[in-house]
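The values are calculated or read from the model by the stated rules, or taken from the named source; none is laboratory data. Please read these numbers as outputs of a predicted model, since none were measured by experiment. All Cβ positions, even for glycine, are placed from backbone atoms using ideal geometry, and neighbour counts span all protein chains on display. Heavy atoms of the whole protein, side chains included, go into the accessibility calculation; ligands, DNA and RNA do not. Shrake-Rupley method; radii C 1.70, N 1.55, O 1.52, S 1.80 Å.
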Amino acid sequence: MPYRSGFISIIGRPNVGKSTLLNHILGQKISIISDKPQTTRNRILGVKHLPNAQMVFFDTPGIHKARTKLNQRMVQAALASLEEVDLVLFLIEPDLEPGEGDLFIAEHLGKIRTPKILVMNKIDLVKKERMIPLLDFFNKKGGFSEIIPISALHGENVDRLVEMALSFLPEGEPYFPEDVVTDQPVRFLAAEIIREKLIERTRDEVPYAIAVQIEEFKEDEAKNLSTIRAVLFVERESQKGILIGQGGKMLKEVGTAARQELETLLGAKIFLQLWVKTKKGWSKDDAFLSEMGY
Ligand code: GDP
Ligand code: MG
């Protein structure tokens, strides 16, 4: 068998399960998961190593009609990436009718020549009959080489999807060394884990108003201890109050949950310090967005 390698973009409207799928394929969490849409902000790269292949996946931020500057930048980046890859996985979920978001993406997909697989996710949620109208609709739109139903959450059919995707990759050398699973620096993973814990515990506009900046990341190898200082930026004083919580309760909970996950990820003791700061309108500030890597 010749060695294969290539790039695969996972796209779909927010909340359809892209990050869940990538984490499942890799057997490791590199992308945050949340039931609140649009929480993946950067393009996340994940490398799947197989005996005779290397598959490089991109978990894109949800593609959607964007109004804010932050969202427009994310959508542009996601769309541009589709031309550069060997395969696109378009994720949808069982609805009775195609949503506005799916149509928006399908329209763009029609314009690119990259091979595409239509992936129906969350099949654990509904009976087969419910999926048929939607699959039918997108199938008629055409352009898909394959169609496959999966459950990213339960891993159903995911191996088959990986096998299927592999057949679209060209012969070639590996792009990454064997021990590389993501291109995201540990600093970024740490910031994302903290952000995930915050998102899980906040509601309404707050999850979208949070940016996490790692100010210090110091590793003491002798003691197997890492010290992490992170600043949580919010847009308004009222949001600051929510993040801190009554008597600092919320911040403490977030810190504990994030520390535990970071300790597992890094295999080290973690000393984690969190600060909350208000930065008015950060999500509209180009310079700040660039500084944060968005
Ligand atoms: P993304 O915005 O496309 O990256 O979506 P996420 O991966 O963050 O998932 C959004 C939500 O859908 C989370 O609550 C996931 O647990 C849930 N989810 C993802 N895949 C499945 C699935 O196969 N079945 C079910 N029932 N839920 C899923
Ligand atoms: Mg995501």
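Data overview
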{"quantity": "Qualifying residue in the range 59-67 (condition: over 16 Å from N15 (Cα atoms) and away from ligand 2 (no atom under 16 Å from the Cβ))", "calculated": "yes"}
{"quantity": "Subset of the range 1-19 (residues that are at pLDDT 95 or above and open to solvent by 30 Å² or more (accessible area, probe 1.4 Å))", "calculated": "Y3, R4, F7"}
{"quantity": "Pairs with Cβ under 8 Å, 6+ apart, first in the range 3-25 and over 19 Å from V181 (Cβ atoms), second near ligand 1 (Cβ under 9 Å from one of its atoms) and assigned to a strand (DSSP E or B)", "calculated": "I11/L91; G12/L91; V16/L91; G17/L91"}
{"quantity": "Residue check, A190 among the hydrophobic types (A, V, I, L, M, F, W, C) and part of a loop (DSSP other than H, G, I, E, B)", "calculated": "no"}
{"quantity": "Neighbours by Cβ (under 9 Å, 6+ apart or cross-chain): first from the range 206-228, at positive phi; second open to solvent by 10 Å² or more (accessible area, probe 1.4 Å)", "calculated": "N224/G267; N224/A268; N224/K269"}
{"quantity": "Residues within the range 74-107 that are open to solvent by 50 Å² or more (accessible area, probe 1.4 Å) and either within 24 Å of L169 (Cβ to Cβ) or within 16 Å of ligand 2 (Cβ to nearest atom) (or both), tallied", "calculated": "4"}
{"quantity": "Verdict on I150 being in contact with a strand residue (DSSP E or B) (Cβ under 8 Å, 6 or more places away or on another chain), within 16 Å of ligand 1 (Cβ to nearest atom) and either open to solvent by less than 70 Å² (accessible area, probe 1.4 Å) or among the polar types (S, T, N, Q) (or both)", "calculated": "yes"}
{"quantity": "Checking I244 against (1) among the hydrophobic types (A, V, I, L, M, F, W, C); (2) within 20 Å of the chain's Cα centre (by Cα); (3) open to solvent by 40 Å² or more (accessible area, probe 1.4 Å), the condition it does not meet", "calculated": "(2)"}
{"quantity": "Residue identified as more than 17 Å from E205 (Cβ to Cβ), buried (at least 17 other Cβ atoms within 10 Å of the Cβ) and of a type in the set (D, E) among E253, E221, E261", "calculated": "E261"}
{"quantity": "Matching residues in the range 264-277 - criterion: being open to solvent by less than 50 Å² (accessible area, probe 1.4 Å) and part of a strand (DSSP E or B)", "calculated": "I270, L272, L274, V276"}
{"quantity": "Out of V158, V126, V162, sole residue that is farther than 27 Å from A77 by Cα, of a type in the set (V, I, T) and open to solvent by less than 80 Å² (accessible area, probe 1.4 Å)", "calculated": "V126"}
{"quantity": "Positions within the range 107-126 being outside any loop (DSSP other than H, G, I, E, B) and closer than 12 Å to E146 by Cα, in sequence order", "calculated": "K116, I117, L118, V119, M120"}
{"quantity": "The one condition in (1) out of contact with any Leu (no Cβ under 8 Å at 6 or more places or on another chain); (2) near ligand 1 (Cβ under 10 Å from one of its atoms) that M1 fails to fulfil", "calculated": "(2)"}
{"quantity": "Which numbered condition H64 misses (of (1) more than 8 Å from ligand 1 (Cβ to nearest atom); (2) at pLDDT 75 or above; (3) in contact with a Lys or Arg (Cβ under 7 Å, 6 or more places away or on another chain); (4) open to solvent by less than 30 Å² (accessible area, probe 1.4 Å))", "calculated": "(2)"}
{"quantity": "Of all residues in the range 129-143 being open to solvent by 40 Å² or more (accessible area, probe 1.4 Å) and touching a residue at least 24 places away in the same chain (Cβ under 8 Å), the one that is farthest from Q76 (Cα to Cα)", "calculated": "R130"}
{"quantity": "Looking only at the range 7-32, and only at residues there that are at positive phi and not polar (S, T, N, Q), the one that is nearest to ligand 1 (Cβ to nearest atom)", "calculated": "G17"}
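For (1) closer than 15 Å to N15 by Cβ; (2) at pLDDT 85 or above, each residue gets a yes or a no:
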residue	(1), (2)
N52	no, yes
L70	no, no
E84	no, yes
I92	yes, yes
K116	no, yes
F144	no, yes
